[in-house]
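Note sheet for the following structure.
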């Protein structure tokens with residue numbers, strides 16, 4: 001998972017972008033990256049710029065790191081696909097029942113996971129898995145309609 005956020009992953013993202021533009025059908029990580037890239041056309045100008053896509057950019061009035069943003073999408077999509085942790089499925093369901101689109105719900109979960117992941121990395125440790133599970137459980141037990149606040 002860490003490789004989705006490292007400078008070493010830049011060639012994977014660039015290759016995936018080129019193959020996506022050609023209309024190739026991709027699978028595995030490349031397929032998930034391609035799908036997330038297609039869902040974010042506002043990042044299209046950054047992929048051909050190589051390492052610039054790894055740095056924060058102002059996009060639509062927000063400061064965003066395109067590569068990390070797409071990597072977070074993939075991290076959550078992998079959790080959902082594997083149903084691991086299982087709490088991610090109920091949290092996703094609650095967010096969707098609360099009115100969020102699938103894309104918005106993934107963003108919400110990616111923000112939660114990404115915040116914990118990057119805080120843990122900065123401290124030199126692993127992801128605080130139990131904290132993540134507690135936060136997923138908290139979302140899952142929120143009354144639909146209030147989970148978007």
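The values are calculated or read from the model by the stated rules, or taken from the named source; none is laboratory data. This structure is a prediction, so every number in the text was calculated from the model and none was measured. When we count neighbours, we look across all protein chains shown, and the Cβ atoms used for this are built from the backbone with ideal geometry, even at glycine.
The combined condition, being more than 12 Å from the chain's Cα centre (by Cα), under 25 Å from residue 18 (Cα atoms) and surrounded by 18 or more Cβ atoms within 10 Å (Cβ to Cβ), is not fulfilled by residue 91.
Could we say that residue 42 is more than 20 Å from residue 118 (Cα to Cα) and touching a strand residue (DSSP E or B) at 6+ places or on another chain (Cβ under 7 Å) here?
Working: more than 20 Å from residue 118 (Cα to Cα): yes; touching a strand residue (DSSP E or B) at 6+ places or on another chain (Cβ under 7 Å): yes.
Against the criterion (more than 20 Å from residue 118 (Cα to Cα) and touching a strand residue (DSSP E or B) at 6+ places or on another chain (Cβ under 7 Å)), residue 42 qualifies.
Right, residue 36: within 17 Å of the chain's Cα centre (by Cα), touching a residue at least 12 places away in the same chain (Cβ under 8 Å), farther than 17 Å from residue 109 by Cα and crowded, with 17+ Cβ neighbours inside 10 Å or not? No, not satisfied. Annotation: residue 94 fulfils all but one of (1) in the same structural domain as residue 18 (by TED's automatic domain parsing); (2) touching a helix residue (DSSP H, G or I) at 6+ places or on another chain (Cβ under 8 Å); the unmet one is (1).
Mind checking whether some residue in region 40-54 is assigned to a helix (DSSP H, G or I), touching a residue at least 40 places away in the same chain (Cβ under 8 Å), on the phi > 0 side of the Ramachandran plot and more than 17 Å from the chain's Cα centre (by Cα)?
Pass one, region 40-54, residues assigned to a helix (DSSP H, G or I): 41-43, 47-54.
Retained after the next criterion (residues that are touching a residue at least 40 places away in the same chain (Cβ under 8 Å)): 50-51, 53-54.
The next check asks that each one be on the phi > 0 side of the Ramachandran plot; those that pass are 50.
Now narrow it down to the ones that are more than 17 Å from the chain's Cα centre (by Cα): 50.
Among the residues of region 40-54, at least one is assigned to a helix (DSSP H, G or I), touching a residue at least 40 places away in the same chain (Cβ under 8 Å), on the phi > 0 side of the Ramachandran plot and more than 17 Å from the chain's Cα centre (by Cα), which makes the answer yes.
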